[in-house]
Amino acid sequence: METEEVSIEIRSDPRLLRSVRSLVRSYLEDLKLSGDRCDEVVLAVDEACANSMRHSYGGRDDGTLRLTLGQQDDHVVIVLSDQGEPIPAACLARKELAAPDPDTVAPGGLGVLLIYRVFDEVDYVPGDAQGNRVTMRLRCPQSDSAT
Amino acid sequence: MALQIEESERDGQYVIAVAGEVDLYTSPELRNAVIKAVPKRVCNVVALDLSQVGYMDSSGVATLVEGLKLSHQKNVAFQLVAPSKPVMKVLQLARLDSVFKIVDRI
């Protein structure tokens, strides 16, 4: 059973990313995540929001992003959805970099790669005509001690 | 809060000292400073002091990569000075920490 605990709407303005990071950080601080893990999740959620602003809305600042934070069983579940242009699935597939070579780094794909590296499960669903939705799940350490 | 960027020449190095949070909103400012500094060629080392950076996302990393590539083209050395913990974290997650020359101090 999923419990959606926090839900906010954000205008697609990169100026607001800082506020999103503060909110996500304060939500995570109540869970038993290590400081390092918390930093990573804040980064990955920021990357998801930034991708939506840049790619779904093409840099327009009048779109809306909806971010929900919640828990399901032993996972933290974070969902980001927008009503912008559907992003081609190929752009959102997990593509590992072959080697750390700056010549092969395509900056655009770096954010997506970070999201996959941070979360245990990432599920991108581009809409048919409009919008995108990404669900990011992270196993919460609380459940480890409960066994 | 805007990014704070201070540029100076010290001991033959062109130093760009960055303070604040580097994200999609602020990284164009850093990019501007880096792409202007590298081709100046008054110094053969461009050093980015990242010790006071409280946050960096992939757009910041992309800016660093762009600076590195541009430096290679112009035969200028490109160094990251004392990257803060958040900077090291994102470089390590991107597995790009090893492509940069990282030094403790200028």
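Some observations on this one:
- Hits in segment B:1-38 (condition: assigned to a loop (DSSP other than H, G, I, E, B), more than 14 Å from every other protein chain (Cβ to nearest Cβ) and not small (Gly, Ala, Ser)): B:11
- Selection from segment B:39-54 of residues that are more than 14 Å from chain A (Cβ to nearest Cβ) and either surrounded by 21 or more Cβ atoms within 10 Å (Cβ to Cβ) or modelled with pLDDT of 95 or more (or both): B:46, B:47, B:48, B:49, B:50, B:51, B:52
- Taking segment B:55-79 as the range and being touching a residue at least 24 places away in the same chain (Cβ under 8 Å), among the charged types (D, E, K, R) and facing another protein chain (nearest Cβ under 9 Å) as the test, the residues that pass are B:57, B:66.
- Taken over segment A:138-147, the residue count meeting the criterion of being surrounded by fewer than 18 Cβ atoms within 10 Å (Cβ to Cβ) and either modelled with pLDDT of 75 or more or in a strand (DSSP E or B) (or both) is 1.
- Considered as a group, the residues in segment A:18-37 that are away from chain B (no Cβ under 11 Å) and touching a helix residue (DSSP H, G or I) at 6+ places or on another chain (Cβ under 6 Å) include one that is surrounded by the fewest Cβ atoms within 10 Å (Cβ to Cβ), and that residue is A:32.
- Just one of the listed residues (A:7, A:19, A:34, A:12) is among the hydroxyl-bearing types (Ser, Thr, Tyr) and touching an Asp or Glu at 6+ places or on another chain (Cβ under 9 Å), namely A:12.
- The single condition among (1) touching a strand residue (DSSP E or B) at 6+ places or on another chain (Cβ under 8 Å); (2) buried (at least 18 other Cβ atoms within 10 Å of the Cβ); (3) within 22 Å of residue B:59 (Cβ to Cβ) that residue A:64 does not satisfy is (2).
- Some residue of segment B:93-105 being touching a Pro at 6+ places or on another chain (Cβ under 8 Å) and away from chain A (no Cβ under 11 Å): yes
- Counting only residues that are assigned to a loop (DSSP other than H, G, I, E, B) and either surrounded by 21 or more Cβ atoms within 10 Å (Cβ to Cβ) or β-branched (Val, Ile, Thr) (or both), segment B:67-95 holds 3 of them.
The values are calculated or read from the model by the stated rules, or taken from the named source; none is laboratory data. Note that the structure is a prediction, hence the values are computed from the model and not measured. As a convention, Cβ positions derive from the backbone with ideal geometry for all residues, glycine included, and neighbour counts pool all protein chains shown.
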